[in-house]
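Visitor: Below is the structure I would like to discuss, written out as structure tokens.
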Amino acid sequence: MSEPLLPPIGMLAELTHRCPLQCPYCSNPLELLKANRELDTQTWLDLFSQATDLGVLQVHLSGGEPTLRRDLEQLIAGLSARGVYTNLITAGIGIAEGRIEAFADAGLDHLQLSFQGARPATTDRIGNHRGSHEKKLETARRARAAGLPLTINAPIHRHNIEEVPEFIDMAVSLGAERLEIANVQYAGWALANRNALMPERAAIDRQADIVAAARERLTGIMNIDFVPPDYFAIYPKPCMGGWARDAFMVTPDGTVLPCHAAQTIPSLRFERFAERSLADIWTDSPAFNAFRGTEWMQEPCRSCERREIDWGGCRCQAMAIAGDAAATDPVCIKSPIHARMALLIDETRRAAADISADEAFIYRRIGAVTELA
Ligand code: SF4
Ligand code: FES
């Protein structure tokens with residue numbers, strides 16, 4: 001390993017896969033876990049306490065929809081008592097009266113609210129839930145009234161990319177401190193829906209210009225994070241900051257993973273919190289050590305000057321496109337199969353021209369994967 005093993009700083013806790021929405025780009029795996037597989041309250045609290053002993057400073061409480069957990073206040077309070085920064089990642093639907101205030105009272109530090117569109121019709125169609133836009137606006141107002149800092153998260157794809165200016169106006173009007181314009185990356189459900197979601201290159205360029213101008217205009221008012229789509233890039237991002245480098249995630253049944261899509265790498269076996277301590281998994285799990293640092297790298301990554309900047313990009317994308325998790329991420333211009341990215345974009349655009357967008361979505365829900373097979 002090229003650098004000493006450091007403690008993790010961040011953890012993403014997927015408390016549940018249950019969700020009232022069915023977004024076709026969800027980062028959850030295609031095989032969703034039912035409620036009876038979820039860890040109970042005490043096990044999550046034990047896990048959090050081991051995580052903080054290990055060094056974790058920030059916990060992102062996510063799902064599915066984490067507010068469907070009736071013990072969420074307790075989980076937040078447990079983290080808060082240990083001085084952890086907590087961020088709730090929510091779709092903002094169906095949160096009972098008084099609960100957002102209760103989250104704030106329990107010590108929640110920040111709320112991140114996703115919008116599927118900037119227009120009600122888009123939000124309702126992408127999430128497949130009528131009336132969801134209005135409910136989200138209400139959640140944003142309640143979060144601000146409870147004194148919580150707010151980030152609006154906008155996952156961008158072909159069906160809402162022209163709404164970017166409206167997303168920006170909406171986030172300002174809701175008093176958000178931050179807006180994430182995050183282009184959908186093609187893993188999980190988004191990979192299954194790639195034909196339906198892939199935008200045109202010209203739209204990506206327009207979007208980048210709009211975000212750049214808005215950032216300048218809104219300096220000191222609202223920060224805008226911009227995550228461009230991998231397929232259109234020439235260098236990859238350091239996925240999760242590098243494999244098992246400073247963060248990890250836990251699925252609803254306590255499986256500990258380096259990233260969202262790690263279970264798509266068939267050669268790796270991932271361990272559950274109940275089987276082993278977090279410290280043991282972080283330090284010794286063969287799956288965590290498989291792509292740590294730079295020693296595992298093949299050429300061109302092995303001798304590349306960017307190898308400790310992007311850590312070779314995304315292992316799961318290398319698996320999905322190159323068929324080898326240890327290959328250079330094909331997004332990289334130095335990858336021998338980089339040209340395949342442009343071909344994939346063209347292929348998806350041709351496929352999308354044949355079918356109507358509505359018919360093309362495979363909405364996220366339990367059982368959809370069996371129908372796909
Ligand atoms: Fe990153 Fe590897 Fe490409 Fe170099 S060759 S830029 S390390 S992905
Ligand atoms: Fe697994 Fe990028 S999603 S490394």
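Visitor: Could you grab me the full set of residues in segment 306-345 that are near ligand 1 (Cβ under 7 Å from one of its atoms), open to solvent by less than 20 Å² (accessible area, probe 1.4 Å) and outside any loop (DSSP other than H, G, I, E, B)?
Guide: The answer is Asp310, and nothing else.
Visitor: Going residue by residue through segment 163-174, is there one that turns out to be more than 23 Å from the chain's Cα centre (by Cα) and crowded, with 22+ Cβ neighbours inside 10 Å?
Guide: no
Visitor: Can we say Glu166 is free of Cβ contacts under 8 Å to residues at least 12 places away in the same chain and not in a strand (DSSP E or B)?
Guide: Numbers: free of Cβ contacts under 8 Å to residues at least 12 places away in the same chain: no; not in a strand (DSSP E or B): yes.
No.
Visitor: Continuing with the same structure: Evaluate segment 287-305: report whether one residue or more is in contact (Cβ under 8 Å) with a residue 12 or more places away in the chain, at positive phi, out of contact with any strand residue (DSSP E or B) (no Cβ under 9 Å at 6 or more places or on another chain) and within 16 Å of ligand 1 (Cβ to nearest atom).
Guide: Yes, because at least one residue in segment 287-305 is in contact (Cβ under 8 Å) with a residue 12 or more places away in the chain, at positive phi, out of contact with any strand residue (DSSP E or B) (no Cβ under 9 Å at 6 or more places or on another chain) and within 16 Å of ligand 1 (Cβ to nearest atom).
Visitor: Still on this structure, please answer the following. Looking at this structure, is Gly254 more than 12 Å from ligand 2 (Cβ to nearest atom), of a type in the set (Gly, Ala, Ser) and modelled with pLDDT under 95?
Guide: In short, no.
Visitor: Cβ-Cβ below 9 Å, separation at least six or inter-chain, first residue in segment 17-41 and under 14 Å from Thr90 (Cβ atoms) and open to solvent by 30 Å² or more (accessible area, probe 1.4 Å), second hydrophobic (A, V, I, L, M, F, W, C) and in a helix (DSSP H, G or I): which pairs?
Guide: Here the result reads Arg18/Ala35; Arg18/Leu68; Cys19/Leu68; Pro20/Leu68, each pair linking segment 17-41 to a residue that is hydrophobic (A, V, I, L, M, F, W, C) and in a helix (DSSP H, G or I).
Visitor: Could you tell me whether Arg201 is under 25 Å from Ala318 (Cβ atoms), under 20 Å from the mean Cα position of the chain (by Cα), open to solvent by 20 Å² or more (accessible area, probe 1.4 Å) and in contact (Cβ under 8 Å) with a residue 60 or more places away in the chain? Reasoning before the result, please.
Guide: Values: under 25 Å from Ala318 (Cβ atoms): yes; under 20 Å from the mean Cα position of the chain (by Cα): no; open to solvent by 20 Å² or more (accessible area, probe 1.4 Å): yes; in contact (Cβ under 8 Å) with a residue 60 or more places away in the chain: yes.
Criteria not met by Arg201.
Visitor: Restricting attention to segment 43-54, does a residue exist that is touching a strand residue (DSSP E or B) at 6+ places or on another chain (Cβ under 6 Å) and in a strand (DSSP E or B)?
Guide: No, segment 43-54 contains no residue that is touching a strand residue (DSSP E or B) at 6+ places or on another chain (Cβ under 6 Å) and in a strand (DSSP E or B).
Visitor: Limited to segment 100-128, what total is found for residues that are over 16 Å from Ala176 (Cβ atoms), open to solvent by 40 Å² or more (accessible area, probe 1.4 Å) and in a loop (DSSP other than H, G, I, E, B)?
Guide: Residues meeting the conditions: 2.
Visitor: What number of residues within segment 252-267 satisfy the criterion of being part of a loop (DSSP other than H, G, I, E, B) and open to solvent by 60 Å² or more (accessible area, probe 1.4 Å)?
Guide: Within segment 252-267, the subset part of a loop (DSSP other than H, G, I, E, B) is 252-254, 258-261, 265-267.
If we keep only those that are open to solvent by 60 Å² or more (accessible area, probe 1.4 Å) as well, we get 260, 266-267.
Counting residues in segment 252-267 that are part of a loop (DSSP other than H, G, I, E, B) and open to solvent by 60 Å² or more (accessible area, probe 1.4 Å) gives 3.
Visitor: Shifting gears a bit: Checking the conditions here, which among Arg201, Arg215, Arg245 is farther than 26 Å from Ile366 by Cα and within 14 Å of ligand 2 (Cβ to nearest atom)?
Guide: Arg245
Visitor: When segment 207-251 is examined, which residues are found to be assigned to a helix (DSSP H, G or I), among the acidic types (Asp, Glu) and under 19 Å from the mean Cα position of the chain (by Cα)?
Guide: Asp230
Visitor: Right, next: Scan segment 63-86 residue by residue and report those that are open to solvent by 10 Å² or more (accessible area, probe 1.4 Å), of a type in the set (S, T, N, Q) and within 17 Å of Pro149 (Cβ to Cβ).
Guide: Of everything in segment 63-86, just one residue is open to solvent by 10 Å² or more (accessible area, probe 1.4 Å), of a type in the set (S, T, N, Q) and within 17 Å of Pro149 (Cβ to Cβ), namely Ser80.
Visitor: Right, something else. Would you mind finding the one in Ala182, Ala190 that is part of a helix (DSSP H, G or I) and either of a type in the set (A, V, I, L, M) or open to solvent by less than 10 Å² (accessible area, probe 1.4 Å) (or both)? Even if it seems obvious, please write down each step before you answer.
Guide: Values: Ala182 fails: part of a helix (DSSP H, G or I).
Step by step, each of Ala182, Ala190 is checked, and only Ala190 is part of a helix (DSSP H, G or I) and either of a type in the set (A, V, I, L, M) or open to solvent by less than 10 Å² (accessible area, probe 1.4 Å) (or both).
Visitor: Sticking with this structure for a sec: Report whether or not Ala91 is buried (at least 21 other Cβ atoms within 10 Å of the Cβ) and touching a residue at least 60 places away in the same chain (Cβ under 8 Å).
Guide: Against the criterion (buried (at least 21 other Cβ atoms within 10 Å of the Cβ) and touching a residue at least 60 places away in the same chain (Cβ under 8 Å)), Ala91 qualifies.
Visitor: On the given criteria, is Thr348 within 30 Å of Asp124 (Cα to Cα) and not in a loop (DSSP other than H, G, I, E, B)?
Guide: yes
The values are calculated or read from the model by the stated rules, or taken from the named source; none is laboratory data. Predicted model only: the values in this text are computed from it and were never measured. Methodologically, a virtual Cβ is constructed for each residue, glycine included, from the backbone with ideal geometry; neighbour enumeration extends over all protein chains shown. Ligands, DNA and RNA are stripped out before the accessible areas are found, and what is left, the full protein with its side chains, is counted by its heavy atoms. Shrake-Rupley method; radii C 1.70, N 1.55, O 1.52, S 1.80 Å.
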